[in-house]
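Enquirer: Take a look at the following structure, please.
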Amino acid sequence: MQRRDFLAQTALAAGAMASVSSLSNISKAEAAETSKPFSMKFAPHFGMFKHSAGEDLVDQLKFSSDQGFTAWEDNGMKRRSVEDQKRIASTMEQLNMEMGVLVALIDLKNKINFVSDDKAAREEVLQGMRETVDVAKRVNAKWLTVVPGYVHSRLPHDYQMANCIELLRQCCDILEPHGLTMVLEPLNHPTNHPGLFLHESPQAYLICRAVNRPSCKILFDIYHQQITEGNLIPNIDHCWSEIPYFQAGDNPGRNEPGTGEINFKNVFQHIANKGYTGIVGMEHGNSQPGVEGEQAVIKAYRAVDPS
Ligand SMILES: O=C(O)C(=O)CO
């Protein structure tokens, strides 16, 4: 799809939302405003704009770039064909878009591995990490989401913590020569992921300080942390030295900002004021269906983009 088609479609949808009768009512100034780059590197994902852009991956990237997005993330990148990975990477290079996270151990998240002393489970993690390096390099990714698996119900907590820290150090040995960074993601128990070992931001902070390597940091997902502990701004401040990456999603519902209880305008402004220039992954659904729902997502991010 050509850029002008994307813009026309955007204008059309915006027009429908504003209940105007024709495309001519959309001024040039409004069209320019819709395509201006966001000041924060908000990163959509495949599928988020498929009604506006179509199913093709490249068209979705082009559409998003036209809307002013300068980053992207794809949790499932490891499962894509090499051909698709190359197509995505070359399109993003042409569009000057930055690659955000992919999930490093996508098939191992639901296992007891990092906290265990089982040799085979630990070797499986290291092998998964080695396999991730090639994918990350192919798509120009720097950040790898890591979820350190399930709690061991029989092993005392402190042994589990020590096992986890030790295995993460071994992962760092694999990643650091390639300039890659694991971002450990605490995931909430009450709504989405009961039983996972890592769920609190102070726990993630403790682990990163103990691992003490530049390639082991925190992915602070505002949605998950709102559910687990709330108190977002003070917790972000406590963990600040270990956070190179954020994700967003409102609660309840895990949809775009403005659909729940989180004051994203203030949270984003706070991290921008602290000098954050990294990516904010839009790891959530769309609250409304179709093209109108996609326009609502874009509009929601315009409303919370820091000044
Ligand atoms: O699985 C989830 O809920 C995540 O946030 C993974 O990034």
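Enquirer: Determine the gain in length on full extension of the stretch residue 96-residue 81; use 0.36 nm per residue of separation and subtract their C-alpha separation, reporting nm with one decimal. Before the final figure, lay out each step's value.
Expert: On the way: separation 15, 0.36 × 15 = 5.40 nm, distance 2.23 nm.
Computed gain between residue 96 and residue 81 is 3.2 nm.
Enquirer: Just 83, 166, 242 to compare: in a GNM of the chain, with alpha carbon springs under 10 Å, which one fluctuates most?
Expert: Its mean-square fluctuation being the largest, the pick is 83.
Enquirer: Under 8 Å for C-alpha pairs, at least 6 residues apart: give me the relative contact order for region 220-295, rounded to a whole percent.
Expert: The normalised contact order for region 220-295 reaches 30 percent.
Enquirer: Right, next: Just want to confirm a number: the relative contact order over the chain, from Cα pairs under 8 angstrom separated by 6+ residues, in percent.
Expert: Rounded, it is 17 percent for the chain.
Enquirer: Reachable lysines from residue 274, Cα under 20 Å, same-chain residues fewer than 8 places away excluded?
Expert: Counting by Cα, and skipping residues close in sequence, residue 274 has these lysines nearby: 41, 217, 265.
Enquirer: Further question on the same structure: Compute the angle between helix 3-17 and the longest alpha-carbon principal axis of the chain, please, reported from 0 to 90 degrees and rounded to the nearest 10.
Expert: 80 degrees
Enquirer: Also, I was wondering about something else. Give the lysines whose C-alpha is closer than 18 Å to that of residue 137, dropping any in the same chain fewer than 8 places away, or say none.
Expert: Of all the lysines, those that pass the test against residue 137 - Cα under 18 Å, at least 8 places apart if same chain - are 78, 86.
Enquirer: List the residues whose amide H sits under 5 Å from the amide H of residue 221, counting only those 5 or more places along or on another chain, with H placed 1.01 Å from N in the peptide plane.
Expert: Counting only residues 5 or more places away or on other chains, the set is 247.
Enquirer: So, by mean Cβ neighbours within 10 angstrom, what's the order for 190-203, 211-224 with the highest one leading?
Expert: Values: 190-203: 16.7, 211-224: 22.1.
In decreasing order of mean packing, 190-203, 211-224 become 211-224, 190-203.
Enquirer: With angles folded into 0 to 90 degrees, how steeply does helix 157-175 sit against the dominant principal axis of the chain? Use alpha carbons for both and round to 10.
Expert: Its long axis makes an angle of about 60 degrees.
The numbers here are math on the coordinates, done by the rules we state, and not lab data. Small disclaimer: the values here were computed from a predicted structure and weren't measured. Every residue, glycine among them, receives a Cβ derived from its backbone with ideal geometry; neighbour counts consider all protein chains shown.
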